[in-house]
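Asks: Below are the C-alpha cells for one structure; questions will follow.
The values are calculated or read from the model by the stated rules, or taken from the named source; none is laboratory data. These figures come from a predicted structure and were not determined experimentally. Cβ coordinates were reconstructed from backbone atoms using ideal geometry, including for glycine residues, and neighbour counts include every protein chain displayed. For accessibility, only protein heavy atoms count, side chains too; no ligands or nucleic acids. Shrake-Rupley method; radii C 1.70, N 1.55, O 1.52, S 1.80 Å.
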Amino acid sequence: MKTALTIAGSDSGGGAGIQADIKTFSALGVFGMSAITAITSQNTVEVRSVQLIDVNIINDQVAAVLEDIGADAVKIGMLATPDIIQTVAQCLKKYKPKHIVLDPVMISKGGHRLLEEDTMQELKSTLIPLASLVTPNIPEAEVLANMPIHNEPDMYEACRVIKKLGAQAVLIKGGHLQGNPNDLYYEGQTFQLFRGERIETKNVHGTGCTLSAAIAALLAKGKEMPTAIDEAKDYITNAIANSLNIGQGYGPTHHFYHLYECVT
Ligand SMILES: Nc1ncnc2c1ncn2[C@@H]1O[C@H](COP(=O)(O)OP(=O)(O)OP(=O)(O)O)[C@@H](O)[C@H]1O
Ligand SMILES: Cc1ncc(CO)c(N)n1
C-alpha cells in the first residue's frame, strides 16, 4: 500500500489539520501517518488554545516514521514558529522524500493566527525551496509574493513571484476571491487554471488542508503533478458539495471512503 505522512497541527474539531489529512489519505486509499506540530483546541467556530509540540518530539515523530515505514509523499501544514520550520526542514533534507506538498497555513477560517510573526519569512527562505508544490490561498499568497491579489491577473503575477522563492511549482487557490474558485498552477514555464464552480455553503472548514492532502495522496499513488491536482480538485469539490452542517460555525468537508480505489 502507498503511504503518506502529514506534518501538521491537530484540530480537535476534526475538520482541518491532521484529522482532515488522515481522512483524505484514507478516502483515497493511501496509508496515513502523522507528525503533530501543535495541538489546537478548536471547533467549527474558534481556536480556543494552542500547545506547540517540542521540536525534539516533532523530529522524533518524523524520524520514527521515515526510518521504518517511509512515505511515498509528505504533506506539510501548520508550522507555528521559525524553530519548528527549521526542524522540519532538517528532517526533509535528511530523508529526502520524493514528493513534498507544502500548505503555508496562516490563519484559521474563524480568523485565528496559527503562526507567530516572522514565521512566514522563515517559511519563505527555509522550507519553500524544498517543496515540490506550495499551495497558498489568496491571503497567504499576498504575504509570500508581497503584493495585493484582487483578481485572476494578479494571481498570475503572484505565481511568478512565489515560483522564484524556489519551490518546484506553485498552486494559488482562488477560493477567497469573488466568483468561481479557480486555482492557478505554475511550474516555471506554463500556467494551468484548474476551474471550479462555487458551491454556496458556509461549511468550508479545512478545505485547504483537504486539497493539499489529496494532492499528496495522489502523488503517492504515482500520478503526475497536473493529474494529481486535477483529481484533488474533483475530490475537494465533492467534499464541499457534501460538507456537513455540524457545529455553529464553518462546518467540515465530507470524505467518501468507498469511491476511490486503493493502489497496493
Ligand atoms: N465555496 C466553494 N465552492 C467550491 N470550491 C471551493 C469553495 N471554496 C473553496 N473552494 C476550493 O477549495 C480549495 C481550497 O481553497 P481555499 O481557498 O478555501 O483554501 P484555504 O483558505 O487554505 O482553506 P482552509 O484555510 O480552511 O484550510 C480550492 O481548490 C478552492 O478553489
Ligand atoms: C490545525 C489546523 N491546521 C490548519 C488549519 C487551517 O484551516 C486549521 N484551522 N487548523
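Asks: Tell me which residues, restricted to region 199-248, are charged (D, E, K, R) and either touching a Phe, Trp or Tyr at 6+ places or on another chain (Cβ under 9 Å) or surrounded by 14 or more Cβ atoms within 10 Å (Cβ to Cβ) (or both). Break it down into steps so the answer makes sense when it comes.
Replies: At the first step, the residues of region 199-248 found to be charged (D, E, K, R) are 200, 202, 221, 223-224, 230-231, 233-234.
Passing the criteria: 202, 221, 223, 230, 231, 233.
Asks: Let me ask you something else. From 15, 32, grab the single residue that is over 20 Å from residue 84 (Cβ atoms), in a strand (DSSP E or B) and modelled with pLDDT of 95 or more.
Replies: Numbers: 15 fails: in a strand (DSSP E or B).
Going through 15, 32 in turn, just one is over 20 Å from residue 84 (Cβ atoms), in a strand (DSSP E or B) and modelled with pLDDT of 95 or more: 32.
Asks: Considering only residues that are of a type in the set (Gly, Ala, Ser), under 20 Å from residue 239 (Cβ atoms) and not in a helix (DSSP H, G or I), which ones fall in region 165-222?
Replies: Once the filter is applied, which keeps residues that are of a type in the set (Gly, Ala, Ser), under 20 Å from residue 239 (Cβ atoms) and not in a helix (DSSP H, G or I), region 165-222 yields 174, 175, 196, 206.
Asks: Could you list, ordered by first residue, the pairs with Cβ atoms under 6 Å in which the first is in region 181-208 and at positive phi and the second is modelled with pLDDT of 95 or more and in a helix (DSSP H, G or I), at least 6 apart or interchain?
Replies: If the second residue must be modelled with pLDDT of 95 or more and in a helix (DSSP H, G or I), the pairs left are 188/163; 206/20.
Asks: Another question, if that's okay. Can you tell me which residues in region 68-96 are under 26 Å from residue 224 (Cβ atoms), assigned to a helix (DSSP H, G or I), open to solvent by less than 20 Å² (accessible area, probe 1.4 Å) and away from ligand 2 (no atom under 16 Å from the Cβ)?
Replies: 89, 91, 92, listed by residue number.
Asks: Also: Before we move on, is residue 65 within 15 Å of ligand 1 (Cβ to nearest atom) and either assigned to a helix (DSSP H, G or I) or open to solvent by less than 60 Å² (accessible area, probe 1.4 Å) (or both)?
Replies: For residue 65, the condition - within 15 Å of ligand 1 (Cβ to nearest atom) and either assigned to a helix (DSSP H, G or I) or open to solvent by less than 60 Å² (accessible area, probe 1.4 Å) (or both) - is not met.
Asks: Restricting to region 35-56, and then to whatever is assigned to a strand (DSSP E or B), aliphatic (A, V, I, L, M) and more than 20 Å from residue 100 (Cα to Cα), can you tell me which residue is nearest to ligand 2 (Cβ to nearest atom)?
Replies: Pass one, region 35-56, residues assigned to a strand (DSSP E or B): 35-42, 47-52.
Keeping just the survivors that are aliphatic (A, V, I, L, M) gives 35-36, 38-39, 47, 50, 52.
Imposing the further condition that a residue be more than 20 Å from residue 100 (Cα to Cα) reduces the set to 39, 47, 50, 52.
On the way: 39: 9, 47: 7, 50: 9, 52: 11 Å.
Of everything passing the filter in region 35-56, 47 is nearest to ligand 2 (Cβ to nearest atom).
Asks: Please go through region 138-177 and pick out each residue that is near ligand 1 (Cβ under 10 Å from one of its atoms) and more than 18 Å from the chain's Cα centre (by Cα).
Replies: Of everything in region 138-177, just one residue is near ligand 1 (Cβ under 10 Å from one of its atoms) and more than 18 Å from the chain's Cα centre (by Cα), namely 177.
Asks: Looking at (1) modelled with pLDDT under 95; (2) within 16 Å of ligand 1 (Cβ to nearest atom); (3) out of contact with any Lys or Arg (no Cβ under 7 Å at 6 or more places or on another chain), find the lone condition where residue 107 falls short.
Replies: Unmet condition: (3).
Asks: Let me spell it out: the conditions are (1) in contact with a helix residue (DSSP H, G or I) (Cβ under 8 Å, 6 or more places away or on another chain); (2) part of a loop (DSSP other than H, G, I, E, B), and residue 110 meets all of them except one. Which number is the exception?
Replies: (1)
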